Amino acid sequence: GDSVTQMEGPVTLSEEAFLTINCTYTATGYPSLFWYVQYPGEGLQLLLKATKADDKGSNKGFEATYRKETTSFHLEKGSVQVSDSAVYFCALSGYNQGGKLIFGQGTELSVKP
Amino acid sequence: EAGVAQSPRYKIIEKRQSVAFWCNPISGHATLYWYQQILGQGPKLLIQFQNNGVVDDSQLPKDRFSAERLKGVDSTLKIQPAKLEDSAVYLCASSLLQEGTQYFGPGTRLLVL
């Protein structure tokens with residue numbers, strides 16, 4: 001069945017370090033890919049999305065590129081801040097999934113000053 | 001624009017008791033989702049509504065869980081009787097279209113003792 005696999009956390013970085021969180025997927029059809037972020041005590045917020053192969057989603061300095069050939073959607077940021085500390089979820093959704101989101105297990109990011 | 005509203009934010013009950021959660025989606029959003037997020041895991045779909053009709057309830061434990069969406073707007077999710085393994089965050093999300101971007105509420109954190 002359709003699934004999303006993320007790198008395990010927690011990931012601990014110093015402020016201004018480079019961030020990569022790996023995400024790979026298995027899916028039927030041509031789903032859209034998403035990164036959601038969950039700050040402590042809050043609900044899920046959409047961070048960025050890409051709807052087709054080779055699209056790059058970007059927001060707040062974060063980027064991810066839809067790579068169909070490697071079935072990946074890795075999240076990157078050039079310089080993280082303490083305020084980026086949160087749990088990040090990779091997800092997919094599309095016509096073949098009936099519109100529902102299929103999430104990875106989440107990766108906790110902790111950024112130290 | 002107001003976001004997705006959920007209540008209560010927290011609930012503690014004993015096993016075998018019943019509990020109900022309420023969700024008010026973004027105005028005009030036809031599709032409403034309930035997800036269950038167990039600690040350390042990504043959210044998993046319980047039920048999906050399109051207006052007031054059920055699209056997907058294949059992962060809903062129907063012997064104890066029920067949900068309704070009256071008049072295609074608000075929705076209620078009920079658990080009766082609750083089990084220890086129902087301890088989780090229950091997230092409500094809505095989207096304008098069935099395959100559109102989903103917006104999440106803050107969630108209801110349930111603890112079953």
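Taking only Cα atoms and a 10 Å spring cutoff, compute GNM fluctuations for chain B and point out the largest among B:Ser27, B:Ser95, B:Ser75.
Top of the fluctuation ranking is B:Ser27.
Under 18 Å from a point 7 Å along the Cα-to-Cβ line of B:Ser58: which residues of region A:13-47 have their amide N that close?
Once the point is set 7 Å along Cα→Cβ of B:Ser58, A:26-32 turn out to lie under 18 Å by backbone N, inside region A:13-47.
Fewest Cβ neighbours within 10 Å first, please rank B:Thr31, B:Thr101, A:Thr20, A:Thr70 accordingly.
In order of increasing Cβ crowding within 10 Å: A:Thr70, A:Thr20, B:Thr101, B:Thr31.
Tell me which GluC sites (Glu not before Pro) from region A:53-92 have a DSSP coil assignment and no more than 14 other beta carbons within 10 Å of their own.
Qualifying residues, ordered by number: A:Glu69.
Where Rh is the Kirkwood radius over the Cα pairs of region B:1-83, the temperature 4 °C and the viscosity 1.567 mPa s, what D in µm²/s does Stokes-Einstein return?
After rounding, the answer is 96 µm²/s.
Explain nothing, just compute: Karplus ³J(HN,Hα) = 6.51 cos²θ - 1.76 cosθ + 1.60, θ = phi - 60°, for every residue of region B:84-90 in order, whole Hz, x for Gly and Pro.
Values, residue by residue: 4, 6, 7, 4, 5, 9, 9 Hz.
Out of B:Gly42, B:Gly72, B:Gly28, any idea which swings most in a Gaussian network model of chain B, alpha carbons joined below 10 Å?
For chain B, modelled as a Gaussian network with Cα springs under 10 Å, the answer is B:Gly42.
Of all alpha-carbon pairs in chain A, indicate the percentage at a distance above 20 angstrom. Don't skip to the end; give the middle numbers.
Details: 2212 of 6328 pairs.
Tail of P(r) above 20 Å: 35 percent of Cα pairs.
For the protein assembly as shown, count all C-alpha to C-alpha pairs, find those more than 33 Å apart, and express that count as a whole percent of the total.
Here the tail beyond 33 Å accounts for 16 percent of pairs.
What is the Cα centroid distance between region A:52-95 and region B:53-113, reported in whole angstrom?
27
Going by the alpha-carbon gyration tensor, a ≥ b ≥ c the square roots of its eigenvalues, is region B:23-63 rounded (a/c under 1.5) or, if a/c is not under 1.5, prolate (a/b greater than b/c) versus oblate?
oblate
Straight distance only, please: which lysines reach the Cα of A:Lys112 with their own Cα at less than 24 Å, same-chain residues fewer than 8 apart left out?
Hits, sequence-local ones excluded: A:Lys60, A:Lys77.
Can you give the Rg and Dmax of region A:54-103 based on its C-alpha atoms, in angstrom?
For region A:54-103, the Cα-based Rg and Dmax read 12.8, 38 Å.
Select from region A:8-113 those chymotrypsin sites (Phe, Trp or Tyr not before Pro) which occupy a DSSP coil region and have at most 15 other Cβ atoms within 10 Å, ordered by residue number.
A:Phe18
How large is the charge dipole for the protein assembly as shown, taken about the Cα centre, if only the Cβ atoms of Lys, Arg (+1) and Asp, Glu (-1) carry charge, to the nearest 20 debye?
Value, rounded to 20: 580 debye.
Just in region A:1-96: which trypsin sites (Lys or Arg not before Pro) are loop by DSSP and have at most 15 other Cβ atoms within 10 Å?
Listed in order of number, the matching sites are A:Lys52, A:Lys60, A:Lys68.
Read the figures in this text as sums done on the coordinates, not as results from a lab. Computed from a predicted structure; not experimentally measured. Glycine gets a Cβ as well: all are built from the backbone with ideal geometry, and neighbour counts include every protein chain shown.
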